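Following: one structure in structure tokens, then a few remarks.
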Amino acid sequence: MYQILVADAINAEGLQPLLEYKDAVIIEKKVTDPEVELEKIDALLVRSATKVTEELFEKMPQLKIVARAGVGVDNIDVNAATKRGVIVVNAPDGNTISTAEHTFAMMAALMRNIPQAHQSVKNLEWKRNEFVGNELYGKTLGILGMGRIGTELAKRSKAFGMNVQVFDPFLTNERASKLGVQNSSLDEVLEHADIITVHTPLTAETKGLINEKALSKTKKGVYFLNCARGGIIDEDALATFIGNGHVAGAALDVFEVEPPGEYPLFKFDNVIVTPHLGASTREAQLNVATQVAKEVRMFFEDKPVSNS
Ligand code: MLT
């Protein structure tokens, strides 16, 4: 019997392919739970909460596969997995639409001061002049990273009459013109965009992609969005540029440390936040859970896995 540990909150319906698998037993507990016999676990299913580190791998000598119910594998030490011959699989497209929609919702909320106005009305105030916003129509949205989510966001933004300027080293001019976006350098996006959003994975190259130097190239009054990974925008640098009035506001769904605790950016009214909700829809959670459950089952049935 294979022992499969589901260590984070993963959609139960999506786990059906594993629940129906007669050669496996499913354990839904945290890796820190003293009842879990880590040394006997064959497969580990996680979202982003569990950090799959070298130290954890050491405690799991039987482990054969780690499945990430989501896109980013930055909470998994992939090198340590490779060293031990442990396969890492993810669900690369199950939450694309949800994350693109959340980014769009955050952009609209930011431009129209919706969270601030909502709180104000609930505080029994009626400050219509204080919450004058900006239209999206005619604004230039700069997208850094034109993968699945960036592409879906571009389509939605174009439908709202925005100009979309993109920086992505892998984007060809042909594809850019097919999508109706402008293929640009990073500096061109920084210099021209009214709103800038990041949609890259967090890697050594993208960590601090938006730092003081990059921020100083942007237009005064620019807005920033991060619904990708904390750390792509340097949080201290962003706080400096919001504090000095150069950046007009930011919408953040992700943080360098999650949960962020006491956080310098919280003091600004023009910074709106959500607790890493990009992929938190019923649809996306079902999609990603089903995707990884199928992959793990295929792996144990000796069939080829596709997203490793
Ligand atoms: C992902 O990488 O898929 C998202 O950030 C969603 C999540 O962590 O659940």
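Each reported figure results from applying straightforward, stated rules to the coordinates on display, with no laboratory input. Please read all numbers here as calculations on a predicted model, not as lab measurements. Methodologically, a virtual Cβ is constructed for each residue, glycine included, from the backbone with ideal geometry; neighbour enumeration extends over all protein chains shown.
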Computed over region 159-261: relative contact order in percent, which uses C-alpha pairs under 8 Å that are six or more apart: 23
What residues qualify as long-range amide H neighbours of residue 277, i.e. H under 5 Å apart, gap of 5 or more or another chain, H built at 1.01 Å from N? none
For region 96-273, size of Cβ-based charge dipole, Lys and Arg +1, Asp and Glu -1, in debye: 580
Sparse-neighbourhood loop sites, trypsin sites (Lys or Arg not before Pro) in region 40-129 - DSSP loop, at most 14 other Cβ within 10 angstrom: 51, 127
With runs of 4+ DSSP H residues as the only contributors, calculate the mean residue ellipticity of the chain at 222 nm using -39,500 (n - 2.57) per run, divided by the residue total and rounded to the nearest 500. -9000 deg cm²/dmol
Please tell me the relative contact order of the chain in percent, rounded to the nearest whole number, where contacts are Cα pairs under 8 Å and at least six residues apart. 19
When the charge dipole of region 96-273 is computed with +1 at the Cβ of Lys and Arg and -1 at the Cβ of Asp and Glu, the Cα pointing farthest to the positive end, of 200, 264, 103, is that of 103
Cβ-placed point charges (K, R +1; D, E -1), dipole of the chain about Cα centre in debye, nearest 20: 800
Using DSSP to define loop residues, name the GluC sites (Glu not before Pro) in region 203-295 whose beta-carbon has at most 16 other beta-carbon atoms within 10 Å. 205, 256, 262
Region 96-273, relative contact order in percent, only Cα pairs under 8 angstrom and at least six apart counted: 19
Would you kindly state the longest site-free stretch of the chain, with sites defined as chymotrypsin sites (Phe, Trp or Tyr not before Pro) in a DSSP loop (not H, G, I, E, B) surrounded by at most 14 other Cβ atoms within 10 Å? 171-308
For the chain the translational diffusion coefficient, Stokes-Einstein from a Kirkwood Rh over Cα pairs at 10 °C and viscosity 1.306 mPa s, in µm²/s, is roughly 76
Take the cross-link list 64/294; 29/303; 155/217; 178/220 and give me the ones stretching past 19 Å between alpha-carbons. 29/303; 155/217; 178/220
GluC sites (Glu not before Pro), restricted to region 110-202: which are DSSP loop and have at most 12 other Cβ atoms within 10 Å? 125, 135
Total charge dipole magnitude, region 1-113, about the Cα centre, Cβ charges on Lys, Arg, Asp, Glu only, Debye to nearest 20: 220
Two-site FRET efficiency, residue 217 against residue 159, from Cβ-Cβ distance with R₀ of 30 Å, rounded to 0.05: 0.55
Pop out the ³J(HN,Hα) list for region 272-280 in order, Karplus 6.51 cos²θ - 1.76 cosθ + 1.60 with θ = phi - 60°, rounded to Hz; leave Gly and Pro as x. 10, 9, 9, x, 6, 9, x, 9, 8
Here FRET efficiency (C-beta to C-beta, residue 282 to residue 130, R₀ 22 Å, nearest 0.05) is 0.05
Residues whose modelled amide H sits under 5 Å from the amide H of residue 142, counting only those 5 or more places away in sequence or on another chain, are 165, 194, 195, 196, 197
Simple spin-label estimate for residue 53 and residue 9 in nanometres, 7 Å along Cα-Cβ: 2.4
